[in-house]
Ligand code: AP5
Ligand code: ZN
């Protein structure tokens, strides 16, 4: 299967991905995870991405398209993949189309993690992660057996730099301005036909 997961910060993409991945033998391609690994390793990519990430802004299309292009060629991705957090702009979606066309494959489903913004702050500020495995915990909703410690390795858990209420606001803004309108079009279909047509035209223009 080839899946795309779209949703705002904290909607649960990273929580569901490992489960779906194991069930269907897919690879999990999370641009955020890959960028954070690059930042931690201080690679040239990480150096370029760090500032935007800490500010809750999107990293440039070129950088993330490059990472995905590279990652999708891995043997473990040939059976299928989960794209978690990519594409996030229209340009990224167009580039993805090209990459898949070149490989002669198609996306099976786009999963839209629809959720009210108001729920997200508690999820984001309570999140703790185990950086090397990507395992995610939450102080209230998914607490580790021992506070601040990974269940499997016993290593310490950390909080993401961008997981503050203030940066979340900016990440949500980026989602609603750059990702949502480009990739998902919600129409008010209960309105009279002419008004719906106006909405359709707006979406397509
Ligand atoms: P990224 O890492 O993709 O972050 P995000 O999209 O903001 O999403 P999150 O990882 O915060 O949320 P999630 O949906 O995975 O939530 P989770 O499952 O962990 O991107 C980070 C940054 O990298 C971006 O800001 C940007 O700078 C850059 N970037 C990445 N991709 C890019 C791209 N394509 N283009 C440009 N820039 C890019 O869940 C959150 C918490 O809630 C956890 O603690 C979890 O335990 C808990 N939880 C999960 N589900 C539930 C539930 N159902 N009920 C209760 N609690 C739950
Ligand atoms: Zn995530």
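Just so you know, all these numbers are worked out from the coordinates, no wet-lab data involved. Just so it is clear, the model here is predicted, and its values are computed rather than measured. All Cβ positions, glycine included, derive from the backbone under ideal geometry; neighbour counts span all protein chains shown.
Relative to the longest principal axis of the Cα atoms of the chain, helix 13-24 runs at roughly 90 degrees. Is it possible to state the helix-based mean residue ellipticity at 222 nm for the chain, with each DSSP H run of 4+ residues giving -39500 (n - 2.57), the sum divided by total residues, to the nearest 500 deg cm²/dmol? What is it? So the helix-based figure for the chain works out to -13000 deg cm²/dmol. Summarising the strand pairing of the chain, around 35 percent of its internal DSSP beta bridges are antiparallel.
Scaling the Cα radius of gyration of region 133-205 by the globular reference 2.2 N^0.38 Å produces a ratio of 1.83. For the chain, averaging the sequence separation of C-alpha pairs within contact (under 8 Å, six or more residues apart) and dividing by the residue count gives a relative contact order of 28 percent. Taking other Cβ atoms within 10 Å as a rough exposure proxy, 17, 205 sort from fewest to most as 205, 17.
Which of rounded, prolate or oblate describes region 100-154 when judged by the alpha-carbon gyration tensor and an a/c cut-off of 1.5? Note, shape of region 100-154 comes out oblate.
Note on the chain: with a GNM built from Cα contacts shorter than 10 Å, the maximum mean-square fluctuation among 14, 56, 134 falls on 134. Axis angle, to the nearest 10 degrees, between helix 193-204 and the longest C-alpha principal axis of the chain: 60 degrees.
Counting beta carbons within 10 Å around each of 77, 25 and listing the fewest first gives the order 25, 77. Once Rg and the Kirkwood radius are both taken over the C-alpha atoms of region 2-204, their ratio Rg/Rh works out to 0.98. Inter-part distance, region 154-187 to region 1-46, computed on C-alpha centroids, equals 14 Å. Relative to the dominant Cα principal axis of the chain, helix 61-72 is inclined by about 70°.
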